[in-house]
Amino acid sequence: MTITFLLFLILPLIMIAAGISDLISYRIPNILSAILCLAFIPFAFAAGLPLDQIGIHVGLAIVVLLVGFFLYSAGLLGAGDAKLLAASSLWISGWDLPVYLAIISIAGGILALGIFVWRKIPMPDLILKFQWIKQIYTPAQKGRDVPYAVAMMAGLLWILPDLKIMELAAL
């Protein structure tokens with residue numbers, strides 16, 4: 001295995017950790033987004049990305065962050081979700097980014113619909129003793145109804161094999 005591939009593995013592993021964390025606690029630790037951002041730089045240099053391409057990745061991630069903060073201020077997305085989306089977008093550039101965002105939107109819609117339907121089904125008290133299940137099952141306060149990091153994780157894992165950046169991480 002090359003160092004490039006090992007650095008690339010940080011992306012799916014952090015996204016899986018974020019999805020699990022959001023599902024269990026409706027929280028995405030800032031450290032996960034920070035690790036994604038910081039790990040991109042050595043990956044980009046190890047993969048031989050030209051500086052102009054690194055600039056495009058950074059620029060697109062900033063745009064995603066600004067849109068994410070707008071959605072946060074409108075109450076449509078959590079702050080952790082906005083930061084994670086921007087951090088993961090840093091790794092995805094070009095024509096892959098709109099595809100990634102579209103798949104996340106579809107996965108988020110399916111997740112929201114699934115949670116909505118699940119909440120209509122009576123659950124035994126035994127199952128609701130698990131706090132993380134109870135908080136998903138019970139409609140929560142504003143902005144905490146859907147763990148969108150799960151949709152981001154699913155979206156990334158879905159398109160990961162087809163990402164242009166995968167070619168750079170190849171063995």
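Just give me the residues in region 59-74 being closer than 17 Å to residue 36 by Cα and either among the aromatic types (Phe, Trp, Tyr) or surrounded by fewer than 17 Cβ atoms within 10 Å (Cβ to Cβ) (or both), in sequence order.
If the condition is that a residue be closer than 17 Å to residue 36 by Cα and either among the aromatic types (Phe, Trp, Tyr) or surrounded by fewer than 17 Cβ atoms within 10 Å (Cβ to Cβ) (or both), then 59, 62, 63 are the ones that fit.
For region 1-19, enumerate the residues that are within 17 Å of residue 31 (Cα to Cα) and either in contact with a Cys (Cβ under 6 Å, 6 or more places away or on another chain) or surrounded by fewer than 17 Cβ atoms within 10 Å (Cβ to Cβ) (or both).
Listed by number, the residues that qualify are 9, 12, 13, 16.
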Being at pLDDT 95 or above, in contact with a Lys or Arg (Cβ under 6 Å, 6 or more places away or on another chain) and of a type outside the set (A, V, I, L, M) is the requirement here; does residue 88 meet it? no
Could you check how many residues of region 75-132 are outside any helix (DSSP H, G or I) and either in contact with a Pro (Cβ under 8 Å, 6 or more places away or on another chain) or not charged (D, E, K, R) (or both)? 15
Candidates 90, 51 - the one that is hydrophobic (A, V, I, L, M, F, W, C), touching a helix residue (DSSP H, G or I) at 6+ places or on another chain (Cβ under 6 Å) and farther than 19 Å from residue 170 by Cβ: 90
Of the listed residues (111, 84), the one being surrounded by 13 or more Cβ atoms within 10 Å (Cβ to Cβ), in contact (Cβ under 8 Å) with a residue 24 or more places away in the chain and within 18 Å of residue 43 (Cβ to Cβ) is 84
Screening 120, 164, 129 for residues that are surrounded by fewer than 20 Cβ atoms within 10 Å (Cβ to Cβ), under 30 Å from residue 57 (Cβ atoms) and basic (Lys, Arg) leaves only 164
Residue 135 fails exactly one of the following numbered conditions: (1) closer than 24 Å to residue 66 by Cα; (2) surrounded by 12 or more Cβ atoms within 10 Å (Cβ to Cβ). What is the number of that condition? (1)
If you take the residues of region 22-40 that are modelled with pLDDT of 95 or more and small (Gly, Ala, Ser), which of them is farthest from residue 130 (Cα to Cα)? 39
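The values are calculated or read from the model by the stated rules, or taken from the named source; none is laboratory data. None of these values were measured; they are calculated from a predicted model. Backbone-built Cβ (ideal geometry, glycine too); neighbour counts: all protein chains shown.
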